[in-house]
Each structure stands twice: as structure tokens, then as C-alpha cells.
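First comes the structure, then the notes that go with it.
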Amino acid sequence: MKRVLAMTLFAAILGCPPPLRAQSSAGAAAEFPSRPIRWIMPFPPGGPSDTAARLIGQRLSERLKQPVLVDNRAGASGSIGMEAAARSAPDGYTIVFGAPGSVVINSILYKLNFDPLNDLTAVSQLTTFAFVLIAHPQFPARTVPELLATAKAKPGTVTCGAGAALQQLTCELLKLQGRVDTTTVPYKGGAPAMNDLIAGQIDFMFEVPNVAVPKVKADRVRAIATTNPSTGTGPFGHLATINTTLPGFAVESWFGVLAPRGTPRGIVLRLNREFGAALADEDVRKRLVDAGLEPAHGSPEAFADVMRRDQAKYSTIIREAGIKADGS
């Protein structure tokens, strides 16, 4: 204290302003936000990620009393938007929407100019969800055992379409654990994969529940099973789970929020609390659950643990399946 007073007196004698003390993380959080927040969406408009972000972002904006602007920066399987976020100022005014493919799998498959897990910090997990296995209506199999039997009877001819990295890994996991010779067909997005499934160009695929629901209701595809660890969850909770046939088979995806590394801890915690409150909103929760997305808010540390867990799990699957960056 004596040193600070002495410096202030010395500055006054010289006619200079006294030295400023660094603003604490708690102080920064108390004044945050004072302007709009940019929420980078590394995927195209209209998809399940974009829809969820806009729903949650609207409630978040109301709570923060500042606009939350969803900025679609799609490309390179999500890496363009993730890198843009990683290189943004760590002040809380830029956050990014994350999913397993853009945060974890891309860093395993590709040589990136940044490290998603080190150059970004976890803010909050938003949802968790399982995929639903859907098939063309004329595909003979109606259960997982029947699908595996069909694949064993015709090695290499049964095709699994994949519109994203995690769906591709799920195709490969079914192939590995089911001990069948299926052919995985990667696509640049879920829409072209779904179009080919409906047209009968591929036999089956794994899809996000809120995308699959209208197609199943219209009888354009048939739902067979889910990748949930247990039944009774989401719009396809009545279906069997794949682990009933293949014990231990479970693939759960998630949506979450990250911020540039170095974002003040107080701001990270403030955002985490506000996302938690938005997810607890009755209308938001109902609309997410109806779409097959289970709200899953937790601490930043819990979300970081989920990402590290998935990195270890998917690294093993990629290595065992021999998946390369070109999809081979």
C-alpha cells in the first residue's frame, strides 16, 4: 500500500496519471456484457446445430440484455469456424458452438493450424443425444440382428452413409463390433446422405433425431434402433438399442460452447451460469427434448472432461478402423 501511495504521489508531482490496477476477473464479469456477443456456428444454417443454437441464443440474449448473434462460418468440417474463434480476442464477446467432429475428431484426422482442445476453453456443455439408425424402406432388415445377418450374407455390398465425422465413426464401430464387412460411404454433409438414402443409393445411416423424425413420420425412411446406452430417451425411445445386440455399443454426441483460450475465468463462469439458466427454461427444454436433444448443462471442467474422454475413445476407433483424412 505504501508503494502504491508513493507511486501515486510521484505521478502527481510529475503531472502524470497514477498507475492503473489490473481489473479482476470478477470485476470483468460484473461489467460483462456491454455489447453484442458473437456466437460462431461452424456449420451451415438450418442444420440441427444451427437450430439449437438459435433457440438457446434467443433466451441467452434475453438474460444478458445484449444481442447474441449467430455467425455461420461453415467449411472444412467445422474447422474454419473453430479456428476463427480460437484466433479471436479472449474477452468473452466471441464464443463458438462445438460438437465432437469439429472439436475432437478433426484434430485426430487432420493437421490443423490450431489445437481445438488447447486453443479454446470449455464454457458449457449444452446437450447430449444419441443417433438413430435409419434405413431405406425397401432394405430387408428391420432389426439390428437382421442387418448384421444381411451384411454377413453379402460381404461388402451393404452400405452405411455418413454425413459427418462422428456418423462415419459410428458406421465403422458397427462394422468392427458386429464383425461384418459393410461399406462406409462418406458425404459432405447430412443432407446429401439423407437424399441418397431416400433414393435407395445407400442402405442405412446414422442420423440426429430431430433430422430423422420428419423423414420417419413421412415413411421415407425406416427407424431400426438407436445408439443410446438405454431405451426410453427421446423421440425414438421406444426403439431397441444397438447394445442389446452388441454389448457395449454406445455412441452419444453432444453440443457445447467454447471460448478463446485466455478468456477471463469470471466471464467463463458467468456465461456458464447463463447458459445453464437458458437450458432450464421450460420452453427451451421442451423444444430440445422433443427434437431428441437432452439438455446437459454442467461445469466448464465437466465439459472439458467429456471432450478429453471422447478424444481418447475416437482415437482408438480411428486407429482400429484405419480411417484416413480422405475418408478411406
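Quick one: is GLU62 part of a helix (DSSP H, G or I), over 24 Å from ARG270 (Cβ atoms), at pLDDT 95 or above and not aliphatic (A, V, I, L, M)?
Values: part of a helix (DSSP H, G or I): yes; over 24 Å from ARG270 (Cβ atoms): no; at pLDDT 95 or above: yes; not aliphatic (A, V, I, L, M): yes.
The answer is no for GLU62.
Please go through region 125-146 and give me each residue that is under 23 Å from SER253 (Cα atoms), of a type outside the set (Val, Ile, Thr) and touching an Asp or Glu at 6+ places or on another chain (Cβ under 9 Å), ordered by number. Let's see the steps before the verdict.
Here is the first cut: in region 125-146, the ones under 23 Å from SER253 (Cα atoms) are 125-135, 143-144.
Remaining after also requiring of a type outside the set (Val, Ile, Thr): 125-126, 129-131, 133, 135.
Of everything in region 125-146, those that are under 23 Å from SER253 (Cα atoms), of a type outside the set (Val, Ile, Thr) and touching an Asp or Glu at 6+ places or on another chain (Cβ under 9 Å) turn out to be PHE129, ALA130, PHE131, LEU133, ALA135.
Can you go through PHE97, PHE129, PHE114 and tell me which one is crowded, with 23+ Cβ neighbours inside 10 Å, farther than 18 Å from ALA225 by Cα and of a type in the set (Phe, Trp, Tyr)? Step through it out loud before you land on a result.
Values: PHE129 fails: farther than 18 Å from ALA225 by Cα; PHE114 fails: crowded, with 23+ Cβ neighbours inside 10 Å.
Unique residue meeting the criteria: PHE97.
Among the residues that make up region 300-320, is at least one of them in a loop (DSSP other than H, G, I, E, B), under 23 Å from ILE56 (Cα atoms) and either modelled with pLDDT of 95 or more or not aliphatic (A, V, I, L, M) (or both)?
Filtering region 300-320 down to residues in a loop (DSSP other than H, G, I, E, B) leaves none.
Checking region 300-320: not a single residue is in a loop (DSSP other than H, G, I, E, B), under 23 Å from ILE56 (Cα atoms) and either modelled with pLDDT of 95 or more or not aliphatic (A, V, I, L, M) (or both).
In region 193-211, which residue that is assigned to a helix (DSSP H, G or I) and modelled with pLDDT under 95 is farthest from PRO48 (Cα to Cα)?
Step one: of region 193-211, the residues assigned to a helix (DSSP H, G or I) are 193-199, 209-211.
Those still in the list that are modelled with pLDDT under 95 too: 209-211.
Details: PRO209: 9, ASN210: 7, VAL211: 7 Å.
Among those residues, the one meeting the criterion is PRO209.
Could you please find all residues in region 89-105 being more than 12 Å from the chain's Cα centre (by Cα) and either polar (S, T, N, Q) or more than 17 Å from ALA304 (Cα to Cα) (or both)? Working first, answer last.
Residues of region 89-105 that are more than 12 Å from the chain's Cα centre (by Cα), as a first pass: 89-95.
Residues satisfying the conditions are ALA89, PRO90, ASP91, GLY92, TYR93, THR94.
If only one of SER230, SER253 is more than 30 Å from ILE37 (Cβ to Cβ) and under 22 Å from the mean Cα position of the chain (by Cα), which one is it? It would help to see each step written out before you state the result.
On the way: SER253 fails: more than 30 Å from ILE37 (Cβ to Cβ).
Unique residue meeting the criteria: SER230.
Among what's in region 276-293 and is charged (D, E, K, R) and surrounded by 16 or more Cβ atoms within 10 Å (Cβ to Cβ), pick the residue that is farthest from GLY266 (Cα to Cα).
ARG287
Check GLY200 against each of (1) open to solvent by 50 Å² or more (accessible area, probe 1.4 Å); (2) of a type outside the set (A, V, I, L, M); (3) out of contact with any strand residue (DSSP E or B) (no Cβ under 8 Å at 6 or more places or on another chain) and name the one condition it does not meet.
Going through the list (1) open to solvent by 50 Å² or more (accessible area, probe 1.4 Å); (2) of a type outside the set (A, V, I, L, M); (3) out of contact with any strand residue (DSSP E or B) (no Cβ under 8 Å at 6 or more places or on another chain), GLY200 breaks only (1).
Of everything in region 167-185, what is open to solvent by less than 10 Å² (accessible area, probe 1.4 Å) and part of a helix (DSSP H, G or I)? Give them in sequence order. Step through it out loud before you land on a result.
Residues of region 167-185 open to solvent by less than 10 Å² (accessible area, probe 1.4 Å): 169-171, 174, 178, 182.
Answer for region 167-185, where residues must be open to solvent by less than 10 Å² (accessible area, probe 1.4 Å) and part of a helix (DSSP H, G or I): LEU169, THR170, CYS171, LEU174, GLY178.
I need a count of the residues in region 146-165 that are open to solvent by 50 Å² or more (accessible area, probe 1.4 Å) and either within 21 Å of PHE131 (Cα to Cα) or of a type outside the set (S, T, N, Q) (or both). Let's see the steps before the verdict.
Residues of region 146-165 open to solvent by 50 Å² or more (accessible area, probe 1.4 Å): 146, 149, 152-155, 157.
Next cut, either within 21 Å of PHE131 (Cα to Cα) or of a type outside the set (S, T, N, Q) (or both) only: 146, 149, 152-155.
The number of residues fulfilling the criteria is 6.
From the list ALA74, ALA89, pick out the single residue that is small (Gly, Ala, Ser) and surrounded by fewer than 16 Cβ atoms within 10 Å (Cβ to Cβ).
Testing whether each residue is small (Gly, Ala, Ser) and surrounded by fewer than 16 Cβ atoms within 10 Å (Cβ to Cβ) leaves just ALA89.
The values are calculated or read from the model by the stated rules, or taken from the named source; none is laboratory data. All figures in this text were calculated on a predicted structure; none of them were measured in a lab. Every residue, glycine among them, receives a Cβ derived from its backbone with ideal geometry; neighbour counts consider all protein chains shown. Heavy atoms of the whole protein, side chains included, go into the accessibility calculation; ligands, DNA and RNA do not. Shrake-Rupley method; radii C 1.70, N 1.55, O 1.52, S 1.80 Å.
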